[in-house]
Amino acid sequence: MGETLDFWLQGMVVAAEPTNLLFAFLGCVLGTLVGVLPGLGPAAATAILVPLTFDLGPVPAIIMLSAIYYGTQYGGTITSVLVNVPGESATVITCLDGHPMAKQGRAGAALGIAAIGSLVAGLFGTFALILLAAPLSSFALRFGPVEMFSVLLLGLTLAIGFRGRSFFASCAMTLLGLMLALVGLDPVQGAPRFTFGMTELFDGVQLVPVIMGLFGIGELLRSLEASAPEPIATRLNGLLPTRAEARLSASAISRGTGVGFVLGLIPGMAGIVPTFVAYALEKRLSKHPERFGKGVIEGVASAEAANNAHAQASMVPLLTLGIPGTATLAVMMGAFMINGITPGPFLFTEHPDVVWPVIGSFLIGNIILFALNFPLVGVWVRILKVPQHYLQAAILLFCIIGAYALRQSSFDIVVMIVFGLLGYVFDKLRWPTVPLVIALILGPMMERALRAGLELSGGDATVFLTTPISAALLVVSAVVLTWSLASSTLQRKLGVPTNSTDGESSSAGATK
Amino acid sequence: MKDRNSINSVGNATGVRLQQVAAVAFMAVSALYLLKARTYPYADYLGPGAGFFPFWIGLLGLVTGGALLAEAKLRPANRSVTAQATPATRFKIILTVGVLVLVSTALESLGFRLTACLVILVLLRVYGSSWRSSVIAAIAASLFVFFLFHALGMRLPVNELGF
């Protein structure tokens, strides 16, 4: 514990250097700016800002991206409250009471309590992450290739389990991601596979053009079909809640933080689950549950606290196990890897000079975001009025740069176009794209672990069942798959609708 | 004019057909992947070969594609796809993709600033902006973005004329 605190303090010192503070600040501003714009979910928003970080060096790049990540979350809250368009599925719950509050002229209080709740949850989440990450990482260091394969398989099954309404569509997208992940040079023998003679594919299908295509171009093509939603015309009369509202919100924030953090530790847990659970809990405990959905501040407070706590907690499986649970974290993981750093058990031992300043920046970023958004919320509201076609052109431009700049290759622009079209088609089919991205990232690691495990066991596949940790993880994977198949079947039989396919793209609006 | 139910039925029928086509396409991709995987060594003296993992992924893909096709045939009437594009939006989508394809071929020869300027100009006009706003936005955005990324240390292509 003492050693962990020492590392963290050293990380804070690096994170507090003027250059890194500047990048954290820029990330918060850009993230909120892009997150505010309706039509962009946090994954797309983060993806199109990734190119800004290519040449910064690993620590400033990841600090900036982390700040962008938090910024887009808060930006999404602003559109949820003022436009009733959730930036991501997790902020659907914020719409339920936030937008009615805005219609009642209490938009300022809604945004203010969202900022306060997010700050409290962010600070708690960061401290909990500091306490948990290093011990979990140490435990994961004991994993050999057999256990690693099973952990990664669990990550994939969780990505299947929490996404979309069709179990088989989620499976198909995961398998498609794995197929793409195996393109390139064989990791053991070095011979090209599935490259069809194209040297551009020797390094495999690059993650950045895929992300730009699926989340950037795909989102753009979708937005061409929809008219821009109108923000509610309201004056922001103060951003602080009343004393009574603050009292009601305090317990809602603490409960939401607890729920969000605990559930966020589960890899693959979509943000809407903890926010919904926190909201439902608050409604259950309220003396006036009938007021929920009509503009109660506890509804906004609990949802936002849960959302931000979930965002912090989901960094734990990413940093310690290398499993990104959401599309945005998959983008973050891609950014790590572009900078030569692979999240996972070895991150804390091999790159303490990177990971601890990044964790330190989480604390600083949350404070900067809070301080920034109180004075600037009026600016963000004005930005909502920017005509949609300027946004669309800007998305296109950043995607082109993002795809090209990685390897200075026009081939990657072609890859981006292909995946942009695929993203558009997948959206039509309601096939979730998050499992594809996660499988693309985890696929090569899975193959290496599988082959190494089988080599060590002399080709005996039962080693995955006879090794205790691996067996336990495989049992959990089987349970998750069975549960998701059963719930998918039940949802279809009951005719339960879903608004979004994978919880990371913006939807048309929230209803009760 | 068709009533609401028949419009929904038409839309749903199209959606179900699209799901079936997608399932068959996925099966075809998986089958080709599996066939290609068999051309790589399945195992060697070291252990699993280059074709080992792809073989099983392709096989699972084929099975999953079959399940998707069965699901598409058995789905209830109200499970379909998202809204269809109108002719106007279809034009915007096709044009946007066409512009992107042109960018991929012209970016390195025309340079970033000129390419970006032309792209933004064309797209803003198609998306509904006026000529004046489109020209101003195109020039301003292409220059701003070029110098922003230059300041961040990233080189974007320039043409032989130096811009």
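The values are calculated or read from the model by the stated rules, or taken from the named source; none is laboratory data. Every value quoted in this text rests on a predicted model; they were computed, and no experiment measured them. Ideal geometry is used to build each Cβ from the backbone, glycine not excepted, and the neighbour counts take in all protein chains shown. Surface areas here come from the heavy atoms of the whole protein model, side chains and all, with no ligands, DNA or RNA. Shrake-Rupley method; radii C 1.70, N 1.55, O 1.52, S 1.80 Å.
Need one number: convex hull volume per residue for chain B, Cα atoms only, in Å³.
With only Cα atoms used, chain B gives 207 Å³ per residue.
Converting phi to 3J(HN,Hα) with the Karplus coefficients 6.51, -1.76 and 1.60 and the offset θ = phi - 60°, the stretch A:388-393 yields 4, 5, 5, 4, 4, 5 Hz in sequence order, with x at every glycine or proline.
The residues neighbouring A:ILE338, those whose beta-carbon lies less than 14 Å from its own, together hold a net charge of -2 under the Lys/Arg +1, Asp/Glu -1 convention. Peptide A:188-194 has a mean of 5 when you count, residue by residue, the C-beta atoms of other protein chains within 10 Å of its C-beta. Each label was represented as a point 7 Å from its Cα along the Cα-to-Cβ direction; for B:ALA88 and A:ASP55 these points are 4.2 nm apart.
Both chains summed, the buried accessible area for B and A stands near 5700 Å², from protein heavy atoms and a 1.4 Å probe. For the stretch A:250-265, putting each phi into the Karplus relation 6.51 cos²θ - 1.76 cosθ + 1.60 with θ = phi - 60° gives couplings of 4, 6, 5, 5, 5, 5, x, 4, x, 4, x, 5, 4, 6, x, 5 Hz, in residue order, rounded to whole numbers and with x for Gly and Pro. For the stretch A:238-314, the carbon plus sulfur part of the accessible surface works out to 66%, probe radius 1.4 Å.
Magnitude of the charge dipole for chain B, about its Cα centre and with charges confined to Cβ atoms of Lys, Arg (+1) and Asp, Glu (-1), is about 600 debye. Rounded to whole numbers, the Karplus 3J(HN,Hα) couplings from phi for the stretch A:217-222 are 5, x, 5, 4, 5, 5 Hz, using 6.51 cos²θ - 1.76 cosθ + 1.60 with θ = phi - 60°, and x at Gly and Pro. The packing ranking, built from the mean of other Cβ atoms within 10 Å per residue, places the peptides A:296-308, B:128-140 in the order A:296-308, B:128-140, highest first. Taking 7 Å steps out from each Cα toward its Cβ at A:ARG407 and A:THR466 produces label points 4.2 nm apart. Judged by the ratio a/c of the largest to the smallest principal axis of the C-alpha gyration tensor, the stretch A:366-433 counts as prolate, that ratio being 1.5 or greater while a/b is larger than b/c.
Each of A:PHE374 and A:THR195 was given a label point 7 Å from its Cα along the Cα-to-Cβ line. The distance between the two points is 5.7 nm. You can think of it this way: the chain between B:LEU102 and B:TYR42 has 17.5 nm of extra reach, that is 0.36 nm per residue less the Cα-Cα gap. Dividing the helix sum by the residues of the protein assembly as shown, where each DSSP H run of 4 or more adds -39500 (n - 2.57), gives a mean residue ellipticity at 222 nm of -23500 deg cm²/dmol.
Helix A:58-83 and the longest principal axis of the C-alpha atoms of chain A enclose an angle of approximately 40°.
Straightening the chain between A:TRP483 and A:GLU350 buys 44.2 nm, computed as 0.36 nm per residue apart minus the Cα-Cα spacing. Across peptide A:437-446, the average count of Cβ atoms from other chains found within 10 Å of a residue's Cβ is 1. Using the alpha-carbon atoms, what tilt in degrees (0 to 90, nearest 10) does helix A:92-103 show relative to the longest principal axis of chain A? Compared with the principal axis, the helix lies near 20 degrees. Rounded to the nearest 10 degrees, the inclination of helix B:131-151 to the longest alpha-carbon principal axis of chain B is 80 degrees. Assuming a ≥ b ≥ c are the square roots of the Cα gyration tensor eigenvalues, decide whether the protein assembly as shown counts as rounded (a/c under 1.5), prolate (otherwise, with a/b larger than b/c) or oblate. Rounded shape, in that the Cα axes give a/c under 1.5. Assign one of three labels to the stretch A:132-175, namely rounded, prolate or oblate, based on the Cα gyration tensor with a ≥ b ≥ c the square roots of its eigenvalues; rounded applies when a/c is under 1.5, prolate when it is not and a/b is larger than b/c, and oblate otherwise. In terms of gyration-tensor shape, oblate. Per-residue mean of foreign Cβ neighbours for B:52-60 is 5 (Cβ atoms of other chains, 10 Å radius). Amide H contacts of A:ARG193: A:GLY184, A:LEU185, A:ASP186, each under 5 Å away and 5 or more positions distant or on a separate chain (H built 1.01 Å from N in the peptide plane; Pro and chain starts excluded).
Quick one: putting +1 on the C-beta of Lys and Arg, -1 on the C-beta of Asp and Glu, what dipole do you get for the protein assembly as shown around its Cα centre, in Debye to the nearest 20? The calculation lands at about 2460 debye. Close amide H contacts of B:ALA43 (hydrogens built in the peptide plane, cut-off under 5 Å, sequence separation of 5 or more or a different chain): B:GLY49.
Calculated accessible area for chain A comes out at 34 Å² per residue, all protein chains present (probe 1.4 Å; ligands, DNA, RNA ignored).
From the alpha carbon gyration tensor of the stretch A:141-220, can you work out the equivalent ellipsoid semi-axes (sqrt of 5 times each eigenvalue) and give them in Å, largest to smallest? List each step's numbers first, then the result.
On the way: eigenvalues 111, 97, 26 Å².
After scaling each eigenvalue by five and taking roots: 24, 22, 11 Å.
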